[in-house]
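Attaching a single structure in structure tokens format; questions to follow.
The values are calculated or read from the model by the stated rules, or taken from the named source; none is laboratory data. The structure presented is a predicted model; accordingly, all values stated were derived computationally and were not measured. So basically every Cβ, Gly included, is an ideal-geometry build from the backbone, and we count neighbours across all protein chains shown. In case anyone asks, the SASA skips ligands and DNA or RNA and just uses the protein heavy atoms, side chains included. Shrake-Rupley method; radii C 1.70, N 1.55, O 1.52, S 1.80 Å.
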Amino acid sequence: MQPATSTRGTPSEADDAVPFEQLLEASRRELTGYCYRMLGAASEAEDAVQETMIKAWSKRDSFAGQSSLRTWLYRIAHNVCVDMLRSPQRRARPMDLGPSTRTADAVLGAPLTEGVFVQPIPDARVIDLAGDPAVVAEARDTVRLAFVAALQHLPPLQRSALILCEVLRWSAAEVATLLEVTTASINSALQRARKTMAGYEPATPMRLEDPAHRALLARYLEAFESYDMDVLVSLLRDDVVLSMPPFDLWLSGPEDVIGWFVGKGSVCENGRLIPLDVNGAGGFANYHFVEPGLWEPWAIQVIETDGERITGHHNFLYPEMFAAFGLPPVIDERGTTA
């Protein structure tokens, strides 16, 4: 994979007349993307970027221009991320934690802590969606759940080298300067990282911008809101996966997925969906039906497809995430219903 990212809106040596705080703010989205790929969670990425901004501001007088401002900020962000990665916990997806379960045997059990799972992030938080369409499409591939989860298998130096060289397209020499190591060590880390990633990286899915993908998502939205299981099952690929963090339970195959929705998962019936662009894929904010005209936050859905069928139906049951996604706290149409 050789994805690219845009440097549009990031600070450069030509920004001498721009106030320092504006230069920092112009870096936020790009730094958030780096920290998210390093850490695997939007909340941790935001915390890391905020800590980076605080450290940069406190050290602004000591920045003597020996490197570019961008390199200096990335060095701070990298060190913050490494400090946060000292925990032995590696974020993962439910599919990485154990085998799938048949619907007849499915028990949710106790929810696991938030730190167990790779968490979703809105595309706009980490990608300049107004940039070149080809760059946007490639950048989306580097925030897909499977890619971010695969990154978590790499130790920090390898992870950073892969992100900086193959996502942000820095040269090995530039990364060596940033991380204050030798170019040879970066090339070695990159080689080991590529070998590890080859065992985890999935096939490239259909691009979100493809009209067939958008049409499939529209059909899914209609089928889910009407809870038409006949239509929904026709949209699922034979190896479709359903996951529901913070639970480690996951199901595979249309029969078990539909069996869940009409059984223990029937709480989703009468729900409402708001489309989202999340983790490089189509997604939806799923609002739970409370009473006629009122729906409350329930789950962030990430819907992965191959363009013709849905391959992944990932439900993040964290209603508290809705505010961070800029979503309404409720859907309230009680005053508009007859």
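Quick check on my filter: what residues within the stretch 208-217 are open to solvent by 60 Å² or more (accessible area, probe 1.4 Å) and either under 28 Å from VAL267 (Cβ atoms) or touching a strand residue (DSSP E or B) at 6+ places or on another chain (Cβ under 8 Å) (or both)?
If the condition is that a residue be open to solvent by 60 Å² or more (accessible area, probe 1.4 Å) and either under 28 Å from VAL267 (Cβ atoms) or touching a strand residue (DSSP E or B) at 6+ places or on another chain (Cβ under 8 Å) (or both), then ARG214 is the only one that fits.
Could you check how many residues of the stretch 25-46 are open to solvent by 10 Å² or more (accessible area, probe 1.4 Å), over 21 Å from LEU178 (Cα atoms) and among the hydrophobic types (A, V, I, L, M, F, W, C)?
So the count comes out to 1.
Please specify each residue of the stretch 159-196 satisfying the condition of being hydroxyl-bearing (Ser, Thr, Tyr) and over 26 Å from the mean Cα position of the chain (by Cα).
Result: THR177, THR182, THR183, SER185, SER188.
Regarding GLU201, is this residue of a type in the set (Asp, Glu), open to solvent by 50 Å² or more (accessible area, probe 1.4 Å) and at pLDDT below 90?
Yes; evaluated as a whole, the condition is true for this residue.
Matching residues to (1) touching a Lys or Arg at 6+ places or on another chain (Cβ under 6 Å); (2) of a type in the set (Gly, Ala, Ser); (3) without any contact (Cβ under 8 Å) to a residue 40 or more places away in the chain:
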| site | (1), (2), (3) |
| --- | --- |
| LEU154 | no, no, no |
| ALA173 | no, yes, yes |
| THR183 | no, no, yes |
| ARG192 | no, no, yes |
| THR196 | no, no, no |
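Yes/no per residue for (1) farther than 27 Å from GLU25 by Cα; (2) open to solvent by 60 Å² or more (accessible area, probe 1.4 Å):
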| position | (1), (2) |
| --- | --- |
| ALA56 | no, no |
| PRO99 | yes, yes |
| GLY109 | yes, no |
| THR113 | yes, yes |
| GLN119 | no, no |
| LEU129 | no, yes |
| ALA139 | no, no |
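Which condition does ALA124 not pass, out of (1) within 15 Å of the chain's Cα centre (by Cα); (2) buried (at least 16 other Cβ atoms within 10 Å of the Cβ); (3) under 19 Å from VAL278 (Cα atoms), if it passes all the others?
Single failed check for ALA124: (2).
Looking at the stretch 47-84 only, could you name the residues that are touching a residue at least 60 places away in the same chain (Cβ under 8 Å) and either touching a helix residue (DSSP H, G or I) at 6+ places or on another chain (Cβ under 7 Å) or among the aliphatic types (A, V, I, L, M) (or both)?
Scanning the stretch 47-84 gives SER67, THR71, LEU73, TYR74, ARG75, HIS78, CYS81, VAL82.
OK, next. Any idea which of (1) in contact with a Ser or Thr (Cβ under 8 Å, 6 or more places away or on another chain); (2) open to solvent by less than 20 Å² (accessible area, probe 1.4 Å) is the one ASN286 doesn't satisfy?
Exception for ASN286: condition (1).
Taking the stretch 252-270 on its own, how many of its residues are surrounded by fewer than 19 Cβ atoms within 10 Å (Cβ to Cβ), outside any helix (DSSP H, G or I) and not polar (S, T, N, Q)?
Result for the stretch 252-270: 4.
Which residue out of PRO254, PRO319, PRO292 is of a type outside the set (Ser, Thr, Tyr) and under 22 Å from the mean Cα position of the chain (by Cα)?
Result of the check over PRO254, PRO319, PRO292: PRO319.
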